[in-house]
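What follows draws every value from the coordinates through simple rules; no lab data is involved. Everything numeric in this text was worked out from a predicted model, so none of it was measured. Because the Cβ atoms are built from the backbone with ideal geometry, glycine has one as well, and the counts that use them run over all protein chains shown.
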Amino acid sequence: MYRILIVEDDRTIAQALKRHLSGWDYEVYCVEDFKNVMEEFSNVQPDLVLLDIGLPFYNGYHWCSSIRRISDVPIIFLSAAGDNMNIVMAMNMGGDEFIEKPFDLNVVTAKVQAMFRRAYSYRGNTNIIEHKGCILNLSDASLIYQEQKIELTKNEFRILQILLEHAGKIVSRDEIIARLWESDAFIDENTLTVNVARLRKKLAGVGLEQMIVTKKGIGYMVEA
């Protein structure tokens, strides 16, 4: 079943879209927290986004750009501002389709269905791990936090991935080393210490000084 995320401030419109699209057997979610759209995006991991331009805090162009940093998921803009400038802007920011308000729900459904037919060689590309506002992109080994993107080395990425997959639990140094060996990355005790130190420095650069916790004599953890 395809998942659709609706990013629409007008609750009447959002609920009407949800009811209608749910009737076509789509799994539909509406964003509730417009300050943290990316957190809801990562939680839902939608197959398509319906995105209004005029939103609280940040507009739809901002969120489209944020989504495009981590995903190729189809984005359909919805807006009463259907002039050429806004349509061109929406497409340039990474949108795939533009529907002007007021719209017919059957037209929206037809466009959604057409978008799914065109797009679904991409399925599975929303390949991310989200934790407390941090988004680890498994496709390009990068971390995004508060609109800042950190490029990670192969070892740094794998260490952080392992810790995030076990958030709230201590991961022993031996387990981390064993997992890294599985990925053909040469690493020993000293190499692990150096890589964790470098990773911490990068995290501190974007305000995540306390993300990785050392459990002396055991290993490391990311708190849940």
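If the condition is being of a type in the set (Val, Ile, Thr) and part of a loop (DSSP other than H, G, I, E, B), then segment 62-90 contributes Ile70, Val73.
Is it fair to say Ser65 is out of contact with any strand residue (DSSP E or B) (no Cβ under 8 Å at 6 or more places or on another chain), within 23 Å of Ile150 (Cβ to Cβ) and small (Gly, Ala, Ser)? Yes: the conditions hold for Ser65. Every condition in (1) surrounded by 14 or more Cβ atoms within 10 Å (Cβ to Cβ); (2) within 27 Å of Lys132 (Cα to Cα); (3) over 14 Å from the mean Cα position of the chain (by Cα) holds for Val44 except the one numbered (3). Working only within segment 130-142, note down all residues that are surrounded by 16 or more Cβ atoms within 10 Å (Cβ to Cβ) and either in contact (Cβ under 8 Å) with a residue 40 or more places away in the chain or small (Gly, Ala, Ser) (or both). Matches in segment 130-142: Glu130, His131, Cys134, Ile135, Asn137, Ala141, Ser142. Give the residues of segment 1-41 that are surrounded by 14 or more Cβ atoms within 10 Å (Cβ to Cβ), aromatic (Phe, Trp, Tyr) and not in a helix (DSSP H, G or I), sorted by residue number. Across segment 1-41, the qualifying residues are Tyr2, Tyr26, Tyr29, Phe34. Screening segment 102-183 for strands (runs of 3 or more DSSP E) wholly inside it with 2 or more residues that are of a type in the set (Val, Ile, Thr) and closer than 28 Å to Leu21 by Cβ returns the ranges 128-131.
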